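The values are calculated or read from the model by the stated rules, or taken from the named source; none is laboratory data. Computed from a prediction, not measured in an experiment: that's the story for all the values here. Every residue, glycine among them, receives a Cβ derived from its backbone with ideal geometry; neighbour counts consider all protein chains shown.
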């Protein structure tokens with residue numbers, strides 16, 4: 001068992017790491033930090049309206065997160081959805097955290113060479129640059145990918161083989177941008193830990209491109225405040241940038257106390273991330289998703305799918321709009 005002195009040193013170290021993280025992150029996310037609006041919420045571009053944006057703003061959120069799929073950018077109807085989503089956010093003066101990925105395999109081969117992946121990375125990065133050029137004034141950050149450590153969201157063969165060559169090329173090309181929107185990545189489903197897939201990939205990529213990311217993003221579903229604190233310290237120590245949370249939520253299932261249980265857990269989570277000075281956190285999600293494959297997936301919203309408020313929305317609004325927030 002550690003001695004009281006060692007525990008004090010460890011606690012002090014975590015505090016100092018948190019302070020450094022907050023200072024570094026304040027530079028990357030200065031607007032959010034200045035206005036104390038570091039908590040955002042996820043929406044879907046296909047049903048995000050100006051009315052939603054104004055309600056989100058009134059609830060105290062500092063930004064919205066939504067995804068853009070590069071493989072659909074050539075579809076005029078999809079491009080219109082993107083334009084409308086940004087217009088809705090702008091109507092309420094809400095910045096956007098834009099998460100960009102492809103939903104299709106990045107090459108047409110069953111075994112992709114490094115040169116194939118590098119070419120795909122360059123093309124992907126140029127799509128990101130095009131999006132940034134179009135919407136730079138509204139972006140709080142651009143997140144590169146979403147949960148690539150899960151096969152469902154990384155359809156290009158084996159993550160441990162193909163991710164680093166692809167993303168190294170992305171980082172190389174993105175260094176040539178005209179704008180300086182913070183880049184964060186890579187939205188890992190599992191928080192980076194010693195020798196994890198995420199850590200191995202990040203170490204290789206950031207060794208060659210140390211300026212690629214302004215923050216490391218991950219999704220701490222099911223993690224306690226203490227575990228998140230440990231992750232934040234690990235990210236800062238190993239990658240020299242702060243950690244940010246781009247997706248976290250809890251469903252309103254009867255097994256956790258229904259809508260009241262959801263509200264209670266979200267309240268605790270927001271208190272934890274604020275105490276840890278995490279510079280950017282996005283909740284999942286604004287409305288229930290009728291498209292979810294089961295009751296759990298359909299019940300993460302702060303509102304019902306038809307826009308009826310749940311206790312979680314009321315609890316969040318009280319937290320985020322109270323004096324001092």
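Overview of results
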{"read-out": "Selection count where residues are crowded, with 19+ Cβ neighbours inside 10 Å and not in a loop (DSSP other than H, G, I, E, B), scope the range 86-103", "value": "9"}
{"read-out": "Residues of the range 274-325 classified as free of Cβ contacts under 8 Å to residues at least 60 places away in the same chain and outside any loop (DSSP other than H, G, I, E, B), total", "value": "7"}
{"read-out": "Checklist (1) assigned to a loop (DSSP other than H, G, I, E, B); (2) within 16 Å of the chain's Cα centre (by Cα); (3) without any contact (Cβ under 8 Å) to a residue 60 or more places away in the chain applied to residue 269, failing item", "value": "(1)"}
{"read-out": "Residue among 116, 83 that is without any contact (Cβ under 8 Å) to a residue 12 or more places away in the chain, over 20 Å from residue 288 (Cβ atoms) and buried (at least 16 other Cβ atoms within 10 Å of the Cβ)", "value": "116"}
{"read-out": "Residue check for residue 180: under 24 Å from residue 63 (Cα atoms), at pLDDT below 95 and out of contact with any strand residue (DSSP E or B) (no Cβ under 7 Å at 6 or more places or on another chain)", "value": "yes"}
{"read-out": "Matching entry among 110, 103, 173, 181 (being closer than 15 Å to residue 71 by Cα and either touching a residue at least 12 places away in the same chain (Cβ under 8 Å) or touching a helix residue (DSSP H, G or I) at 6+ places or on another chain (Cβ under 9 Å) (or both))", "value": "103"}
{"read-out": "Residue 195, sole failed condition from (1) touching a helix residue (DSSP H, G or I) at 6+ places or on another chain (Cβ under 8 Å); (2) surrounded by fewer than 21 Cβ atoms within 10 Å (Cβ to Cβ); (3) farther than 20 Å from residue 30 by Cβ", "value": "(1)"}
{"read-out": "Given (1) more than 23 Å from residue 67 (Cα to Cα); (2) modelled with pLDDT under 95, number of the condition residue 115 does not satisfy", "value": "(2)"}
{"read-out": "Flag if residue 187 is part of a helix (DSSP H, G or I) and either over 18 Å from the mean Cα position of the chain (by Cα) or closer than 30 Å to residue 60 by Cβ (or both)", "value": "no"}
{"read-out": "Residue that is nearest to residue 270 (Cα to Cα) [pool: residues in the range 304-319 that are surrounded by 19 or more Cβ atoms within 10 Å (Cβ to Cβ) and touching a strand residue (DSSP E or B) at 6+ places or on another chain (Cβ under 9 Å)]", "value": "316"}
{"read-out": "Some residue of the range 204-216 being over 19 Å from residue 146 (Cα atoms) and under 19 Å from the mean Cα position of the chain (by Cα)", "value": "yes"}
